[in-house]
Amino acid sequence: MEETRVYLSQKEMPRAWYNIQPDLPKPLPPPLNPGTGQPIGPEALAPIFPMGLIEQEVSQQRWINIPEEVLSIYGLWRPTPLCRAKRLEEALKTPARIYYKNESVSPAGSHKPNTAVPQAYYNKKEGVKRLTTETGAGQWGSALSFGCNLFGMECQVYMVKVSFHQKPYRRMLMETWGGKVTPSPSSQTEAGRNILAQDPDSPGSLGIAISEAVEDAAKREDTKYSLGSVLNHVLLHQTIVGLETKAQLQKIGVKPDILIGCVGGGSNFAGFCFPFFPEKAAGKAIRFIAVEPTACPTLTKGLYRYDFGDTAQTTPLLKMHTLGHNFIPPGIHAGGLRYHGAAPLLCLLAEEKLMEAVAYPQNPCFEAALLFARTEGIVPAPETSHAIRAAIDEAVRCRKNKEEKVIVFNFSGHGHFDMASYDAFLSGKLVDYEYPEEKIKESLKDLPAIGAK
Ligand SMILES: Cc1ncc(COP(=O)(O)O)c(C=O)c1O
């Protein structure tokens with residue numbers, strides 16, 4: 001039998017996260033105060049984030065030690081396996097080698113606990129009793145409920161309404177770990193009430209759910225807010241994925257040509273690719289390919305501008321690719337990819353042409369997911385299916401060009417709670433939303449003037 005799985009022992013697990021900031025080709029444009037247009041200092045973030053995370057947000061230190069308590073919880077599922085998708089390769093008749101890093105083996109079923117655990121840890125250390133957050137697909141809400149539970153903290157999750165109804169079992173999972181789940185927009189916050197007054201049937205969006213979670217946290221002394229993607233410290237925590245992948249590839253003497261990940265806010269893609277960035281910057285030919293839905297094509301169609309992270313305009317302005325903070329993407333099944341912006345660190349690399357981005361409609365992604373499930377066995381999350389689509393397309397290109405490339409993608413999560421979306425696909429009911437050009441044009445009109453060149 002040919003070996004198809006590469007393991008690291010727990011002793012070999014990385015002890016520090018990799019911070020890309022000192023290695024960037026130019027400094028990251030700072031977050032701005034929307035009122036003054038001036039860069040905000042760490043103190044502006046203090047009402048909603050603990051200092052431990054704010055320090056990481058702005059740190060220029062290349063390596064940041066992972067606390068012992070976090071390592072011991074990571075040990076519940078890490079290191080995760082790197083697997084060769086041999087049967088998928090055979091089905092595609094490709095000379096390429098396809099590997100995937102399996103982040104679906106975490107308790108919550110995705111990469112999200114990699115940051116949920118340290119976020120809960122740093123909050124707990126500073127005496128915070130309760131965290132609020134948003135969730136799209138429910139993966140992030142589950143991860144934070146899991147993390148908070150381990151540190152004896154409360155967790156309030158605002159879940160995008162369309163996903164709340166599509167994925168009742170995700171809600172139940174969050175409640176199993178002690179989380180409290182509210183469909184967003186809700187009447188629990190002013191931001192939610194405003195949206196409901198304009199559109200009582202709003203399907204919700206990550207932007208709206210963020211507004212609700214931030215407002216809730218700002219109103220209570222014992223509460224802080226936690227974000228599952230986009231921010232620098234979140235991407236930092238996710239680098240455990242890429243660092244392990246690098247060590248695993250080294251173990252078998254394999255050099256990657258193409259790294260692929262799906263992008264919602266950008267955390268799994270960045271965590272997977274960033275540890276390979278120093279080699280890429282030094283001239284090694286490694287392609288980074290980000291994959292997003294055509295229904296929410298942030299990196300491929302968005303403008304690189306300062307914008308709010310949320311719909312109610314409560315966050316600082318971030319320089320990123322954006323479709324406009326008012327853009328509400330169609331209710332595709334990859335709920336975790338329905339975000340109007342993306343991580344500033346990722347957007348800077350995209351702007352500098354140090355990575356590529358592609359967009360796919362959901363049906364071709366589900367086709368790829370089905371082929372993966374029928375060859376490799378694991379049922380992918382709808383978000384992950386985007387990365388698989390791109391990996392398959394690259395492998396087919398290798399077949400046509402007779403190239404033996406090494407393609408590695410991040411298997412960000414399983415789809416065990418997404419079976420309703422597979423049902424819709426299998427019964428031919430899944431709708432493809434092409435790029436909603438008019439809606440995006442309309443929403444881009446509302447971009448703040450600050451920072452526009
Ligand atoms: C399985 C899975 N993959 C990917 C994503 C996208 O998020 P990010 O771009 O931050 O990794 C999500 C978000 O919920 C997810 O649940």
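The values are calculated or read from the model by the stated rules, or taken from the named source; none is laboratory data. Since the model is a prediction, treat every value here as computed from it, not as a measurement. Backbone-built Cβ (ideal geometry, glycine too); neighbour counts: all protein chains shown. These area figures cover heavy atoms from the full protein model, side chains too; ligands, DNA and RNA do not enter into them. Shrake-Rupley method; radii C 1.70, N 1.55, O 1.52, S 1.80 Å.
Tabulated values for the structure
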{"item": "Amide N of region 136-156 lying under 15 Å from the label point, which is placed 7 angstrom from the Cα of Glu69 along Cα→Cβ", "result": "147-154"}
{"item": "Low-density loop cleavage sites - GluC sites (Glu not before Pro) in region 416-453, where at most 14 other Cβ are within 10 Å (DSSP)", "result": "Glu434"}
{"item": "Using a Förster distance of 35 Å, the FRET efficiency for Gln61-Gln10 (Cβ separation, nearest 0.05)", "result": "0.90"}
{"item": "Cα-centred dipole magnitude for the chain, charges only on beta-carbon of K, R (+1) and D, E (-1), debye, nearest 20", "result": "1000 debye"}
{"item": "Expected 222 nm ellipticity per residue - DSSP helices of 4 or more, -39500 (n - 2.57), all of the chain, to 500", "result": "-12000 deg cm²/dmol"}
{"item": "Of the trypsin sites (Lys or Arg not before Pro) in region 80-120, those whose Cβ has at most 15 other Cβ within 10 Å and which sit in DSSP loop", "result": "Lys93"}
{"item": "Using a Förster distance of 30 Å, the FRET efficiency for Glu3-Val396 (Cβ separation, nearest 0.05)", "result": "0.75"}
{"item": "Per residue solvent-accessible surface (Å²) - the chain, probe of 1.4 Å", "result": "38 Å²"}
{"item": "Whole-percent carbon and sulfur share, accessible surface of the chain, 1.4 Å", "result": "52 percent"}
{"item": "Cross-link pairs beyond the 22 Å C-alpha cut-off, checked among Lys112/Lys167; Lys112/Lys353; Lys86/Lys405", "result": "Lys112/Lys353"}
{"item": "Cβ-placed point charges (K, R +1; D, E -1), dipole of region 244-332 about Cα centre in debye, nearest 20", "result": "340 debye"}
{"item": "Within-14-Å neighbourhood charge of Ser211 [Cβ basis; K, R +1; D, E -1]", "result": "-4"}
{"item": "Local electrostatic count at Pro200 - Lys and Arg +1, Asp and Glu -1, tallied over other residues with Cβ under 13 Å", "result": "0"}
{"item": "For Gly265, net neighbour charge (Lys/Arg +1, Asp/Glu -1) across residues whose Cβ lies under 15 Å away", "result": "-3"}
